[in-house]
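Structure, as structure tokens:
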Amino acid sequence: MPAPPTAATGPVVVVRVAALPTQALDDTAAPASWAMVQAILASRRRVAEAGARLADEVHGFIADPALAGARPELVALRRALHNRRRPGHRAWPGGHAELLPARFRSELTGWTAELDRAAALTRQLPDLLDAEWTRSLRALRRWSATEVFEFGLLQSSEDLLHALLRWRDQPEGTPPRAQVALRLAKYLARAVAKTSPQATFMMSGLCRWSDAPTAVQPTGRWAWRSVVEPNVPLLQALTRRLPADSTATGRLMVVTTPDADVADGRIWFAHPRRERIQGLLLTPPVRTAIEAVGGGAPLAEVGRRLAGDTAVTFDRLVEVGLFEIQPPFADQAADHLHDLRAWLGQEAPAAGPLRALADALDAYPAPGTDASRRRELHRRIRTEFQAVHGPVGDTPLPARNLFRENAVFTAEPVRLGGVPWRPAVADLHVVHRLLALFQHSTVVRLVAHRVVVDRYGVDTRVGLLELHRELSRLAVDAEPGTAVAELAGLLLLRPGQPPDPARSTLPEVRWLHRLRQQALAALWAGPETPPEGVTVDPARVRALADGWPPWVRPAPALACFVQQVPAADGLRLVLNGVGAGHGAVRSRVHRLLAKVAPEGAGTGELPKATPTPAPAGYLAEITGLFGSTVNLRSPAVDFEISHPGTVSARPPQHRIALDDLVVTADGTTRSLRLRRRSDDGEVRIAHTGMMAGARLPRLARFLIHLFGDVPNAAAPTAQIFAGTPEHQPGAVRRQPRLSIGRVTVSRASWRVRADLVPRRAKGVDDAGYLLALAAWFADHRIPPRTYVTATGPTPPGTPPVPVKPIYLDLANLLLVRLFERLLREPDSVLVFTEALPQLADAPCFGTEGRHVTEYVVEIGLP
């Protein structure tokens, strides 16, 4: 088997490919109009430059006594040259013309001809733009009719799909409503220029490294299927709300939440729907209810054990979260609907609708299912969900996302050459080491270590649940400016932005902040080489890292989202972002592949569930769905944490109970360690779900931030190096491209307030506005093809909301009109980011054309 580029590189790579080829955006553009815009601007520049030079010469003529009689005409000529207007009859020095140099007269004639040429082109532009606008709409209609686009639209925006179908029902050549055209253009650009995971707008696959001599070589096997997953959190909720008199209801299992902890005459646990710890007095009714549930019992059995006031107490304890009524299937079950049907039995009222729902979901992604058939099945799935939901309660079904569709390659779409990738991947490892300095978890662990040592001592050995409860209690009344208040902000236990490390209560955190500033200054100190920007020698970064304290430690595993940049000297990469390692992204794709192509799933085979020896410690994941189907995945590591609200399919020996965990302090790394009481083996937490860490429940965040093997960067990777958009007044701020060796970590960008970008004045047509916008872009040396984000002012105390970029091509009037919407908020900050790599540099998949492609390469410490 071919080896990966480095020993610390994962053997399997996730490939993410945009669904539509780059040709779709080429076809909706207006290349002839854009070429004319460029010609007009070039002509106007020549007019301006020559006019300024000729006007200076005329100034000398005006002072010449020999031309005193022509002074009024010369003054008028100079004014015309300055104003770039064709000289009138009063602006030509009449009978004195022969006194002017022949060269000047010739250049003046050429200047007026160039002025006339610019004017003639400007007059022609509106008609040409109108003609290409019509052609663009035809292309938009044609590409919007492709099945892969319609499949994605059916899942992401059904109302837009209906508007598209109404447009297609009209005669060819009928323009759509302006709003419909722009929305379609937005989705089309997303399906072409971004690897958006939404429905079929992107295909994911797995591939291994090979001995191929080229870095990226498409295999010619463009074979994909879509995979449909029901909304499992909705199914979980439905089973919990089965009618009280249902036979199935009595068979639901009731357990005490795993984070329940008895101390000081109370039982402590986290409320499932609120971010707080709750402590209930162990009154006789509460004790009776706890004894009735025991280690877990059927709901009917618990009901028989309780009566009267005790039964009322039980219902209340379910409501507040001490007891969990578990759905009859595991969070990570292979087929939730099958398990639910088997549990209910054939005679249950919901059995028929569940069977029909499963059949409709199975039929939805079948080969040969065209767009009209999918629309029919889409309606049927809603009907069957409603039939299941009907007897459960009066809460309406959500308007969308009753199921999730994902597209996966059933065969390896590309072959990656390990040898050509080796130099770039080696530089990725250097970036990995550098990112340790910017990990949010580094700050969290420093502050947590200080708080715990101050409270429990350096030799502490405190139960995890006790520590979580105590820190949560302290966070409520923590005085500002204390380490406890700082930790509460870092763990999102209090509203507002995380505390500023520069003002930390801990000298180590302030030191870390200075190290960050020094590292950034050192990176940007290198000379800029246009157009490559600033390139830093990886050896300089390694030298920087050698001087860092031992508590600046990189995450042991990292998933790097990269794109290939063609270069004459070999493969170069652009780093789009980083995520959790340990197979997090791969396990999601693996699960999808296992549903449709077991033989393809083997490409990304994940670890078997075999116990890890205690001396080596334990790597455990939190496997809950937490309300999101994107958290479905194959097992990624050997063990899992028994987290509240989750149902596991793993055998008990592969589950680690919360009350089996204790926390100790490590003075060398200034961090806390998680250990098992039973054998003192160290436990590390792997976050392998696709949900953002900030959206996880309180206890999960606590475990991941303090003991997790995740990067936990405080900001997107590029933002770490380029900084956060600021509301700077009056200027366009340019940031050059920054690369570490062969890896670009920050693309070139331009930041400006929206009110400084040309807006369409009243009465200005598309031609006039495009000329003004193109001239502004050229003046500020902003490329005509960029990705643009608009960030509005953020209220104090609230973190900025992530904004999705839009792709802008000034040669595409649809995208220009879409861009105009970003200018409606004059106080927002626009960030233009270079399109690197260009769409034209995307890999070519044979007859399928060029597709934007991203690779998820997993790396660890070298």
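Quick rundown of the values:
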quantity: Whole-Hz couplings from phi, Karplus 6.51/-1.76/1.60, listed for segment 67-72; x for Gly and Pro; calculated: 10, 4, x, 9, 4, x
quantity: Helix-only mean residue ellipticity at 222 nm for the chain, each DSSP H run of n ≥ 4 adding -39500 (n - 2.57), per residue, nearest 500; calculated: -13000 deg cm²/dmol
quantity: Largest-first ellipsoid semi-axes for segment 489-576, taking √(5λ) over the Cα gyration tensor eigenvalues, angstrom; calculated: 31, 18, 14
quantity: Cα-Cα separations in segment 31-124 greater than 22 Å, expressed as whole percent; calculated: 30
quantity: Calculated SAXS-style log₁₀ I(q)/I(0) at q = 0.04, 0.08, 0.09, 0.10 Å⁻¹ - the chain, Debye, Cα scatterers; calculated: -0.23, -0.84, -1.03, -1.23
quantity: Mean separation of Cα contacts under 8 Å (6+ apart) over length of the chain, as relative contact order %; calculated: 18
quantity: Degrees, to the nearest 10: 147-156 long Cα axis against longest axis of the chain; calculated: 60
quantity: Cα point-scatterer Debye curve for segment 232-403, base-10 log of I(q)/I(0) at q = 0.09, 0.20 Å⁻¹; calculated: -0.40, -1.31
quantity: Protection proxy ranking of 187-194, 135-142, 516-523 - average other beta-carbon atoms within 10 Å, highest first; calculated: 187-194, 135-142, 516-523
quantity: Packing-based exposure ordering (other Cβ within 10 Å, fewest first) of THR112, THR442; calculated: THR112, THR442
quantity: Euclidean distance of C-alpha centroids, segment 8-41 and segment 302-364, integer Å; calculated: 48
quantity: Under-5 Å amide H pairs with ASN576, H placed in peptide plane, nonlocal only; calculated: PHE561, VAL562, GLN563
quantity: Rounded to 10°, Cα long-axis angle of helix 766-779 versus longest principal axis of the chain; calculated: 80
quantity: For GLU621, residues with placed amide H under 5 Å, excluding near neighbours; calculated: PHE639, GLU640, ILE641, ALA686
quantity: Reachable aspartates and glutamates from LYS762, criterion Cα separation under 15 angstrom, eight or more residues apart if same chain; calculated: GLU820
quantity: Karplus-derived HN-Hα couplings along segment 561-572 (A = 6.51, B = -1.76, C = 1.60, θ = phi - 60°), whole Hz, x at Gly and Pro; calculated: 8, 10, 10, 7, 10, x, 8, 5, 9, x, 5, 10
quantity: Relative exposure of TYR364, TYR456, judged by other C-beta atoms within 10 Å (fewest first); calculated: TYR456, TYR364
quantity: Karplus 3J(HN,Hα) series, Hz, for segment 579-591 with 6.51 cos²θ - 1.76 cosθ + 1.60 (x for Gly, Pro); calculated: x, 5, x, 6, x, 4, 6, 4, 5, 5, 5, 4, 4
quantity: Crossing angle, helix 158-168 versus the chain [Cα axis fit, 0-90 degrees, rounded to tens]; calculated: 40
quantity: Three-way shape call for segment 248-330 based on the alpha-carbon gyration tensor, with the a/c threshold at 1.5; calculated: oblate
quantity: Net +/- balance of residues flanking LEU464 in space, Cβ distance below 12 Å, scoring K and R +1, D and E -1; calculated: 0
quantity: Interchain or long-range residues, amide H under 5 Å from ALA407's placed H; calculated: MET202, SER204, VAL227
quantity: Relative contact order for segment 232-403, counting Cα pairs under 8 Å that sit 6 or more residues apart, in percent; calculated: 23
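None of the figures in this text is laboratory data; all of them are computed from the coordinates on show. For clarity, every value in this text was computed on a predicted model and none was experimentally measured. All Cβ positions, even for glycine, are placed from backbone atoms using ideal geometry, and neighbour counts span all protein chains on display.
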